[in-house]
Each structure stands twice: as structure tokens, then as C-alpha cells.
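The values are calculated or read from the model by the stated rules, or taken from the named source; none is laboratory data. Computed from a predicted model, the values in this text were never measured in an experiment. As a convention, Cβ positions derive from the backbone with ideal geometry for all residues, glycine included, and neighbour counts pool all protein chains shown.
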Amino acid sequence: MNPSTSPAQRWLRRLSWVLVGLATVYFLRELVRRFADIPPIDWGPASLAVFVLAATGIALTSAFIGLMWHLLLRDQSVQLPIGQAMQIVAISQIGKYLPGNVGHFAGRAVMGRSAGIPMGVTAGTLLIEMAWTLAIGAGFSALAILFYLDSSARLSLPQVGLVELVGLSLLLLAGPWLGIHAVNRVAPALSARVGGGRPLAPPRLGTALLVSVLLTICFFILGLALKLQAVWLFQVEHAPLLPLTFLFAAAWLVGYVVPGAPGGLGVREAMMLVLLTPVVGAGAAVGLGISMRLVTLAGDGLAFLAGFASRRWLNARAVLPSARSADDGASAP
């Protein structure tokens, strides 16, 4: 164990692993209990096409995250080509399946540094990206609770109206600005360290709008992937896109914030079972927990392969001109 880790951090890590273990045990128990209720999958051409299409959609979200990172870096006066930003994100995203659920962030920081981006700047943009991701995810989760959670379950929760929900969403979306201004005023030295020698710049309004739109698209891609699986793999007749998107966002958010869960493994599946059962039934909810995990793994793997292949191709293109010039020089009289 790292001696520099504080007691509070050690207890938080232990608690996170306990939560991950409990969630995993709960899902596995329900899997055994509901196994006979899972609709059989007909692995014909249509089902395989749906699986490939859903996995491709997951891979596409990595490209959108790369575009978001490019925009956030630009606001910090760091110019990284869009293609290179997408490539780095596509390769590093696979690291989220390592224990600790932070490998993708560390991988992006290391690869960004090799591209000339200071570690502090990457850390700052990652914090902004995380804040916006949590804001959009929390907003979708609130919508899921407000409109789609079972009424008996809502009775035990604080009553939230549409006005309060809009106000909360605006406050969450303003979080990055408020946080950066607070750090710049209260701890300017820390801000300069994170900003690579100068205070961390708050995102521009245009960047904020684009990032919010891209994140919303990412969540709807995930919801559409879930809907396709529900309809084509598990024969769910009524699988409306909005409830599935919002409820999955809530399950994803819980898996995202629990530290230590690799890619939300176990936690996300348990929450999907709880939230989706009233919409699609217990058997389909269990099946979707498994199939969505497989689709996510396939999509992240596809993004990794695409990023790695493009990196090899670009490196080969960079080597060829120098080799050609050397040959020309050798053949000259």
C-alpha cells in the first residue's frame, strides 16, 4: 500500500470495493434467479447486425470525447489537431477497465504529454470534462427519477418539480465556470500549476454549448444502443428511447462515480436491473445488463484498434518521407 495515501483515502478505497462487491453479488444472484426469464436470443444476421451497430455507436462516442477534449484544450491555448485528440482518447479509453477506474485518464495524460501537452493542462481539461459529464448525467438521472421511476419508489424521495430541476441543471452546467473562478481567486498558485504556468482559463460559451451538445448526443447513442438490444435481442415490444436513455444515464452515473469499479463493472449492471425492470421486465433487464456490457467492451475495443491503427499509419507516413530523402541523397552524384 502506498505510504503517502491518507487514512481517509484508504477507507474510501475499501468502501468502494465493498460497494462494488455488493453490487456484483446482487446482480449475479439475480442473474441466477432470473436466468430462465431471459428471452432467448436468436443469433441470426439481424441480431449480429444490431450488435455490430451498437458497438460501432459506442466507438463513435470516443470520437466525440476526442472532439470535446480538442475544444477544451483550445480554450487553454493548446492546439492539438482534432484527429490526434480523437486518436489519443480512442487508445486511452480502454484503460478504464483497469482496477481503479482511472487508467483512461492516466493514459490520456501520458499520451498527451508525448504530444507536447503539459500534464497540468491535461489534468485541468479532464476535470472540466468530468464536471460537465457529471452535470449532464445528473440532469438525465433527475429526469429519470421525475418522470420514469416507479411512483411508489418516488414517494420516499424529496419531491422535485420542473422548475427546481431546470435550476439544478443550470447550476450543474455552470459548475466548471464557478469552480475555475473560485480556484483562480482562492488558490492562484494551484491554478497556474494546473494550467501549465498560467491561470486555468474558464471554457468559452461556445465551447460549453458544443460540449453539452456532444455529451447529450453520447448519452442518446448509449440509449439507442440499449433500445436496439432490447427490441432485437430480447424481443421487448415497448422500449421507448427517452426512458431507456434517462434510466441508463442514471445507472451509468452511479457506476461512474463509485471509485474502483473498472468501467462501472458490477455497479452499472446492478443499477440497470433495478431501474429497467419496471420498463422492460426483470428477465430482459438482466439480459440487457450483460449484453450492454459486452457491447461496451466491443465498442471500446473497436475504438482502441482504430486509434492504434491510425497511430501506426501516421507514424509510417512520417517515416517514409525521411527514408525517401535519404535514398535520394545516396543516389545523387
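For segment 229-255: of the residues being within 20 Å of Glu269 (Cβ to Cβ) and not in a helix (DSSP H, G or I), which is modelled with the lowest pLDDT?
So the residue we want is Ala239.
How many residues are touching a residue at least 60 places away in the same chain (Cβ under 8 Å) and part of a helix (DSSP H, G or I) when one looks only at segment 37-51?
Step one: of segment 37-51, the residues touching a residue at least 60 places away in the same chain (Cβ under 8 Å) are 37-39, 41, 46-47, 50-51.
Adding the requirement that they be part of a helix (DSSP H, G or I) leaves 37, 46-47, 50-51.
Selection size over segment 37-51: 5.
Across segment 25-66, which residue is farthest from Gly206 (Cα to Cα) among those that are among the aliphatic types (A, V, I, L, M) and surrounded by 18 or more Cβ atoms within 10 Å (Cβ to Cβ)?
Ile38
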